[in-house]
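K.L.:
Once you've had a glance at the structure underneath, I'll fire off some questions.
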Amino acid sequence: MRIILIGIPGAGKSTQGNLLSKQLKLPYLSTGHIFRLLSKEKSVQGRYIKEMLHSGNLIPDVKTLPIVEEYLSRPAYSRGYILDGFPRTVHQAKEFKQKIDKVVYITLEDKDALWRIAFRTEERDDQAAATIIHRIQTFHTSTDPVIEHFRNADLLEEIEDVYKRQADKT
């Protein structure tokens, strides 16, 4: 099974992805994690990715697609996977060579995303306030059309933020 997780920064994709990974016994892969690792490399690519992450901009499709495809060609992902943070653009969604079984979109309001990211316990280089706001705006500009793409392909499963569902129950 091949599952993609989509959601605004702070929606809990990593948390939910890791839980799904254990439950379904599938490896979890976060493109954000891949890019943060690559940004630490002392190479031209590493410095470029680091600069892009600090600015809150997306890594261009021409760089993202081959990196993701290379990771997913590894034996660990041959039975399936849970992929977080990709695709971020319609171009990436259309050019992605792997068959996808389900796309899970975790919804979260912008203000809640800002709140969560501001109070994360892990320190990340891409968490400056202006960068966070830019990442959220970029999500809406670039990734909202991806959500529609997968909705039209009848692959999208939309779920409400876990904490909001719990709050609504009380």
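The values are calculated or read from the model by the stated rules, or taken from the named source; none is laboratory data. Owing to the predicted nature of the structure, the values given are computational and were not obtained by experimental measurement. Methodologically, a virtual Cβ is constructed for each residue, glycine included, from the backbone with ideal geometry; neighbour enumeration extends over all protein chains shown. Remember, those area values only see protein heavy atoms, side chains included, never the ligands or the DNA or RNA. Shrake-Rupley method; radii C 1.70, N 1.55, O 1.52, S 1.80 Å.
K.L.:
Closer than 19 Å to residue 145 by Cα, open to solvent by less than 60 Å² (accessible area, probe 1.4 Å) and not charged (D, E, K, R), is that true of residue 86?
P.N.:
yes
K.L.:
Would you pick out the residues in the range 1-39 that are among the hydroxyl-bearing types (Ser, Thr, Tyr), over 13 Å from the mean Cα position of the chain (by Cα) and under 27 Å from residue 133 (Cβ atoms)?
P.N.:
39
K.L.:
I've got another one for you. Give the residue that is surrounded by the fewest Cβ atoms within 10 Å (Cβ to Cβ), with candidates limited to residues of the range 90-122 that are of a type in the set (Lys, Arg) and outside any helix (DSSP H, G or I).
P.N.:
99
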